[in-house]
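Scroll down for the structure; my scribbles are underneath it.
The values are calculated or read from the model by the stated rules, or taken from the named source; none is laboratory data. Quick caveat, the model's predicted, so the values are computed rather than measured. Cβ coordinates were reconstructed from backbone atoms using ideal geometry, including for glycine residues, and neighbour counts include every protein chain displayed.
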Amino acid sequence: MCSIYEQRPLACREHYVKHSAEACRSVYVIPKVLEMPVQVPNALGQLASELEGTSIEAVILPLVLVWYEENSDRAEQTWPCSMMVKRFVEIIKVMASRSSTALVV
């Protein structure tokens, strides 16, 4: 939960900070950002590419409506929830495993 903004900025949502709220407010203190073994957007991108049989792509939030207009057929596709959750967890585990292996090397 962000103590500075009522709605936490997207850039901040991508990071987990190990510091007090005062560190985020201060220009003199640099908050310590925890390195996460997996970036959730990357895992979601991989899941989407597997489900659709396409390459991984990113859609920048301000362009979502334009993307939807150009890809409405893709936006309407559905898959079984339990299958998607199971595969998402598998992707997270593989990515975390690769990340921890890379840290050791």
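Return only the number of the condition from (1) of a type outside the set (S, T, Y); (2) without any contact (Cβ under 8 Å) to a residue 24 or more places away in the chain; (3) part of a loop (DSSP other than H, G, I, E, B) that V38 does not satisfy.
Of everything listed in (1) of a type outside the set (S, T, Y); (2) without any contact (Cβ under 8 Å) to a residue 24 or more places away in the chain; (3) part of a loop (DSSP other than H, G, I, E, B), V38 misses just condition (2).
May I ask you to verify whether M83 is touching a residue at least 12 places away in the same chain (Cβ under 8 Å) and either assigned to a helix (DSSP H, G or I) or assigned by TED's automatic domain parsing to the domain that holds K18 (or both)? If you could, list the steps in order and put the result at the bottom.
Working: touching a residue at least 12 places away in the same chain (Cβ under 8 Å): no; either assigned to a helix (DSSP H, G or I) or assigned by TED's automatic domain parsing to the domain that holds K18 (or both): yes.
Taking the combined requirement at face value, the residue does not satisfy it.
Do we find that E76 is farther than 25 Å from L34 by Cβ and at pLDDT below 90 in this structure? Walk me through how you get there before you give the answer.
Numbers: farther than 25 Å from L34 by Cβ: yes; at pLDDT below 90: yes.
It is true that E76 is farther than 25 Å from L34 by Cβ and at pLDDT below 90.
Out of the stretch 22-35, which residues are among the aliphatic types (A, V, I, L, M) and in a helix (DSSP H, G or I)? Can you show your working first?
Let us first name the residues in the stretch 22-35 that are among the aliphatic types (A, V, I, L, M), namely 23, 27, 29-30, 33-34.
Answer for the stretch 22-35, where residues must be among the aliphatic types (A, V, I, L, M) and in a helix (DSSP H, G or I): just A23.
Sort out which residues of the stretch 46-62 are in a loop (DSSP other than H, G, I, E, B) and not polar (S, T, N, Q), and write them in order of number. So that I can check it myself, show each step before the final result.
First, pick out the residues of the stretch 46-62 that are in a loop (DSSP other than H, G, I, E, B): 53-60.
Scanning the stretch 46-62 gives G53, I56, E57, A58, V59, I60.
A43 passes all but one of (1) modelled with pLDDT of 75 or more; (2) surrounded by 10 or more Cβ atoms within 10 Å (Cβ to Cβ); (3) outside any helix (DSSP H, G or I); which number fails?
The one condition A43 does not meet is (3).
Go through (1) loosely packed, with under 12 Cβ neighbours inside 10 Å; (2) modelled with pLDDT of 80 or more; (3) in a helix (DSSP H, G or I) one by one and return the number of the condition F88 breaks.
Every condition holds for F88 apart from (1).
Looking at the stretch 41-64, which of the residues that are of a type in the set (A, V, I, L, M) and out of contact with any helix residue (DSSP H, G or I) (no Cβ under 8 Å at 6 or more places or on another chain) is farthest from M83 (Cα to Cα)?
Here is the first cut: in the stretch 41-64, the ones of a type in the set (A, V, I, L, M) are 43-44, 47-48, 51, 56, 58-61, 63-64.
In the following step, the residues that additionally are out of contact with any helix residue (DSSP H, G or I) (no Cβ under 8 Å at 6 or more places or on another chain) were identified as 48, 60, 63-64.
On the way: A48: 12, I60: 26, L63: 28, V64: 25 Å.
Residue satisfying both the conditions and the ranking: L63.
If only one of E6, E35 is of a type outside the set (S, T, N, Q), loosely packed, with under 11 Cβ neighbours inside 10 Å and either in contact with a Gly (Cβ under 7 Å, 6 or more places away or on another chain) or at pLDDT 75 or above (or both), which one is it? Lay out the reasoning, then the answer.
On the way: E6 fails: either in contact with a Gly (Cβ under 7 Å, 6 or more places away or on another chain) or at pLDDT 75 or above (or both).
None of the others qualify; the one that does is E35.
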